[in-house]
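Notes follow the structure.
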Amino acid sequence: MKLNERRALVDRTLDRHLPPEDTPPASIHAAMRYAVLGGGKRIRPILAMAAAEACGVDDLDPLLVPICALELIHTYSLVHDDLPAIDNDDLRRGRKTTHVVYGEALGILTGDALLTEAFKWLAAPVVDAERQLRAVAEVAAAVDSRGMIGGQVADIEATGSVAAAALGRPAPEAGAPTLADLEFIHQNKTGKLLTAAVVLGGILAAAPPGVIEALRRYGNAVGLAFQIVDDLLDIEESAATLGKTAGKDVAQHKLTYPALLGAEAARAQVEALLAVAVENAAMIPGPVNYLADIARFICERRS
């Protein structure tokens, strides 16, 4: 299956380009490798590769370093999410979280180091300077305070409001969380980096503006669907299946699609988003196009 082949390619690239474990100071480099190389679906770099191939790239090798930077950014976000000050989790990808193994200070610094390393990889001169700058700007905008970080902040604030409501107390901010609040969280915390991954592949492939916009619509749909499926899996699957703590959203009174709309309505939304993704995937003209297959995988996964 092409997804498995691409995941193996991502794993080899990450292993080859991350600093060796014995690079001084060894503790931070061991922690970085522990966090990144401990498994994962590698959806973001795979989406970027699929988009590049759909736009006509037949040799991915020159693009692998900037593409795999996406996995460093994603892993940094997980390492920081797991910290005691945020989700306080001790299980990720089926094993102990980074801060549990290496300590909270190194957990913080590991996330910092991975984000910095990611932009070093993104700046690797693999295409012309104009496209390289567009690529870096696209990813940066997806994860700044108006993107992923903003979504994480909104998630923390909404969790406080939902928890207060569950306990019968006044919400910290006026008004109960709404569907618009939930969509803001999902689109920013998870969706924007997934969309940026798809668009990054198109930029690196020199895709024309119309194709970039189809890729962006596809990315917006799969990005939101990915997080809704995560919400559903949290209440439907075990920790052994997920590789992370199950039932955490309910325990922490998080604002999720099942909590706000119910599981049936959440599944219907995933189906609608899948249809949008498949429709836009079909607009990409390249001879190798498995974007629709990835969208189905995202929407139908069980872990």
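The values are calculated or read from the model by the stated rules, or taken from the named source; none is laboratory data. Bear in mind the structure is a predicted one, so any value in this text is a computation, not a measurement. For neighbour counting, all protein chains shown are included, and Cβ atoms are generated from backbone atoms with ideal geometry for every residue, glycine included. Accessible surface areas use protein heavy atoms only, side chains included; no ligands, DNA or RNA. Shrake-Rupley method; radii C 1.70, N 1.55, O 1.52, S 1.80 Å.
Would you check if Ile235 is β-branched (Val, Ile, Thr) and at pLDDT 95 or above? Walk me through how you get there before you give the answer.
Details: β-branched (Val, Ile, Thr): yes; at pLDDT 95 or above: no.
In short, no.
Among the numbered criteria (1) closer than 30 Å to Ala206 by Cβ; (2) open to solvent by 40 Å² or more (accessible area, probe 1.4 Å); (3) assigned to a helix (DSSP H, G or I), which single criterion is violated by Ala118?
Every condition holds for Ala118 apart from (2).
Go through (1) part of a helix (DSSP H, G or I); (2) open to solvent by 20 Å² or more (accessible area, probe 1.4 Å) and name the single condition Arg44 misses.
Arg44 satisfies all of (1) part of a helix (DSSP H, G or I); (2) open to solvent by 20 Å² or more (accessible area, probe 1.4 Å) except (2).
Just to be sure before I move on: is Pro66 farther than 25 Å from Arg296 by Cα and crowded, with 24+ Cβ neighbours inside 10 Å in the structure I sent?
On the way: farther than 25 Å from Arg296 by Cα: yes; crowded, with 24+ Cβ neighbours inside 10 Å: yes.
Criteria met by Pro66.
Between residues in the range 52-75 that are under 18 Å from Ala113 (Cβ atoms) and residues that are assigned to a loop (DSSP other than H, G, I, E, B) and open to solvent by less than 10 Å² (accessible area, probe 1.4 Å), which pairs lie under 8 Å by C-beta distance while being six or more apart or on different chains?
As it stands, the answer is Glu71/Arg42, since those pairs meet every condition given.
Name the one entry in Ala52, Ala26, Ala85 that is small (Gly, Ala, Ser) and either open to solvent by less than 10 Å² (accessible area, probe 1.4 Å) or over 28 Å from Ala105 (Cα atoms) (or both). So that I can check it myself, show each step before the final result.
Values: Ala26 fails: either open to solvent by less than 10 Å² (accessible area, probe 1.4 Å) or over 28 Å from Ala105 (Cα atoms) (or both); Ala85 fails: either open to solvent by less than 10 Å² (accessible area, probe 1.4 Å) or over 28 Å from Ala105 (Cα atoms) (or both).
The match here is Ala52.
For the range 128-158, which positions are of a type in the set (A, V, I, L, M), under 19 Å from Arg44 (Cβ atoms) and either modelled with pLDDT under 95 or open to solvent by less than 50 Å² (accessible area, probe 1.4 Å) (or both)?
To start, the set of residues in the range 128-158 that are of a type in the set (A, V, I, L, M) comprises 129, 133, 135-137, 139-143, 148-149, 153-154, 156, 158.
In the following step, the residues that additionally are under 19 Å from Arg44 (Cβ atoms) were identified as 135-137, 139-143, 148-149.
If the condition is that a residue be of a type in the set (A, V, I, L, M), under 19 Å from Arg44 (Cβ atoms) and either modelled with pLDDT under 95 or open to solvent by less than 50 Å² (accessible area, probe 1.4 Å) (or both), then Ala135, Val136, Val139, Ala140, Ala142, Val143, Met148 are the ones that fit.
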